[in-house]
Amino acid sequence: MATYQGRCFCGAVQFTVSGEPAGMGYCHCESCRSWSAGPVNAFTLWNPEALKITRGADAIGSYAKTPRSERKWCKACGGHLFTNHPQWNLVDVYAASIPDVPYKPGVHVHYQETKLPMHDGLPKMKDLPKEMGGSGVTLAE
């Protein structure tokens, strides 16, 4: 089983993820864009058991704007770490915080909100796939 090392910007918080992610892609929603201060968020979704904090658990801050997304960051440097999604029993570990994971995006979600159109041949979901509570509608690239 593959294990990948991750960390915050300053290294005060370190973690591993093991196994295979449940999914990877890009989120274009306003919440992810505001949180990341960027035009798009590259996500990797994992079962919560796959994530192990190996250093700095006490340095992790938490904020839940809604019950659907509990965002975590390093209290020392402000580096973003991951977001718990309890409704799906998944955790989004930001792709940039696990640099050695082979990032293979499969989908764009909330593409109707995009500020950075991307022409990469991947499906562009209006919101989310049906199995995740969305409409399942895809948009043209």
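Details
- Long-range neighbours under 8 Å by Cβ, at least six apart or interchain, first residue under 18 Å from Leu90 (Cα atoms) within the range 27-54, second open to solvent by less than 70 Å² (accessible area, probe 1.4 Å) and basic (Lys, Arg): Asn41/Arg33
- The range 76-94 - residue that is open to solvent by 20 Å² or more (accessible area, probe 1.4 Å) and either touching a Leu at 6+ places or on another chain (Cβ under 9 Å) or not in a loop (DSSP other than H, G, I, E, B) (or both) and, of those, farthest from Ala42 (Cα to Cα): Trp88
- Criterion (in contact with an Asp or Glu (Cβ under 9 Å, 6 or more places away or on another chain) and modelled with pLDDT of 95 or more) met by exactly one of Glu70, Glu113: Glu113
- Failed criterion for Ala57 (all others in (1) open to solvent by 60 Å² or more (accessible area, probe 1.4 Å); (2) modelled with pLDDT of 95 or more; (3) over 14 Å from the mean Cα position of the chain (by Cα); (4) more than 12 Å from Arg7 (Cα to Cα) hold): (4)
- Flag: Glu70 does not match the condition of being closer than 22 Å to Met132 by Cβ, free of Cβ contacts under 8 Å to residues at least 40 places away in the same chain and assigned to a loop (DSSP other than H, G, I, E, B).
- Filter pass, Gly19 being open to solvent by less than 20 Å² (accessible area, probe 1.4 Å), over 18 Å from Asp127 (Cα atoms) and free of Cβ contacts under 8 Å to residues at least 40 places away in the same chain: yes
- Looking across the range 22-52, the residues that are aliphatic (A, V, I, L, M) and either closer than 18 Å to Pro86 by Cα or open to solvent by less than 70 Å² (accessible area, probe 1.4 Å) (or both) come down to Ala22, Met24, Val40, Ala42, Leu45, Ala50, Leu51.
- Some residue of the range 120-130 being surrounded by 19 or more Cβ atoms within 10 Å (Cβ to Cβ) and in contact (Cβ under 8 Å) with a residue 24 or more places away in the chain: no
- Among the residues making up the range 117-136, a single one is assigned to a loop (DSSP other than H, G, I, E, B), among the hydrophobic types (A, V, I, L, M, F, W, C) and in contact with a helix residue (DSSP H, G or I) (Cβ under 9 Å, 6 or more places away or on another chain): Met118.
The values are calculated or read from the model by the stated rules, or taken from the named source; none is laboratory data. All values derive from a computational prediction rather than experimental measurement. Virtual Cβ from ideal backbone geometry, glycine too; neighbours counted across all protein chains shown. Calculation scope for accessible area: heavy atoms of the full protein, side chains included, ligands and nucleic acids excluded. Shrake-Rupley method; radii C 1.70, N 1.55, O 1.52, S 1.80 Å.
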